[in-house]
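The structure appears below as structure tokens.
Values quoted throughout were computed directly from the atomic coordinates according to the rules given, and no laboratory measurement underlies them. Small disclaimer: the values here were computed from a predicted structure and weren't measured. Don't worry about glycine lacking a Cβ; one is built from the backbone with ideal geometry, like all the others, and counts go over all protein chains shown.
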Amino acid sequence: MEIEINDRSLSLIQGDITISSTEVIVNAANSSLMGGGGVDGAIHKVGGPVILKECKIIIKKQGNLPPGKAVITTGGNLKAKYVIHTVGPIWSGGNRKEADLLVSSYKESLKLAEKNNLHSISFPSISTGAYGYPVNKAARLALKTVTSFLKEEASSIREVVFVLYGYKTYDIYQTALSEIKI
């Protein structure tokens with residue numbers, strides 16, 4: 001599924017983000033940036049040790065990455081030249097600013113891509129795996145945030161792709177995208 005917003009494309013695909021050919025992919029990281037399970041583990045495994053090496057340098061310099069923030073490293077062995085690591089919120093029922101933190105994860109990632117003059121970016125469904133954020137709520141927030149960014153920002157970003165691992169998640173994002181007024 002693909003839509004156009006201000007001569008920019010926003011698309012949804014079901015697949016594996018580690019084989020995405022956009023300039024940058026976003027990693028749903030943990031705050032230590034040391035790799036883990038899910039998309040985080042897959043990106044570190046495919047990207048190779050150079051990503052972990054750069055993450056260690058970042059952590060040594062600034063400490064753990066708080067939820068809602070983002071940093072950038074090389075893509076190592078990935079097709080993508082870069083990886084933006086962002087920490088999404090852990091779902092605690094929705095009363096601990098989880099929505100604000102999730103929106104911030106997407107915005108900070110987009111701003112970092114823009115700051116680095118990148119033209120294409122792929123996102124996973126941040127926080128919906130081990131962090132337990134309900135996919136239907138996360139999809140609406142993610143898509144609303146990205147479409148607003150593409151509508152309002154003068155940006156280098158020409159293409160945003162949501163690479164969704166499972167068909168169920170893809171279907172939920174597809175429904176959420178069809179409900180957004182462009």
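For each of D7, D40, D171, count neighbouring Cβ atoms within 10 Å of the residue's Cβ, then give the residues from fewest to most.
Fewest-to-most ranking of D7, D40, D171: D7, D171, D40.
At an R0 of 25 angstrom, the distance between the Cβ atoms of L52 and S156 translates into a FRET efficiency of 0.35. Toward the positive end of the charge dipole of the range 41-182, with +1 on the Cβ of Lys and Arg and -1 on the Cβ of Asp and Glu, the farthest Cα among P66, G88, S105 is that of P66. Considering only beta bridges that DSSP places wholly inside the range 2-179, some 35 percent are antiparallel. Between the range 131-182 and the range 63-112, what's the alpha-carbon centroid distance in Å? After rounding, the separation between the Cα centres reads 15 Å.
Each Lys and Arg Cβ is given +1 and each Asp and Glu Cβ -1; about its Cα centre, the chain then shows a dipole of about 560 debye.
Build a GNM of the chain with springs between Cα atoms under 10 Å apart, and of I25, I90, I17 the one that fluctuates most is I90.
Among the trypsin sites (Lys or Arg not before Pro) in the range 121-182, those placed in a DSSP loop whose Cβ has at most 11 other Cβ atoms within 10 Å are K181. Computed with the Debye formula from one identical point scatterer per Cα of the range 2-179, without solvent, the log10 of I(q)/I(0) at q = 0.18 Å⁻¹ comes to -1.16. Connecting C-alpha atoms closer than 10 Å in a GNM of the chain, tell me which of A138, A130, A42 has the biggest fluctuation. Per the Cα network of the chain with a 10 Å cutoff, A130 tops the list. Please compute the net charge surrounding L10, taking Lys and Arg as +1 and Asp and Glu as -1 over other residues with Cβ under 11 Å from its Cβ. So the environment of L10 carries a net charge of 0.
Extending 7 Å from Cα along the Cβ direction at S178 and again at N116 yields two label points whose distance is 3.5 nm. Considering helices alone, the calculated mean residue ellipticity of the chain at 222 nm is -13000 deg cm²/dmol, with DSSP H runs of length four and up weighted by -39500 (n - 2.57) and normalised per residue.
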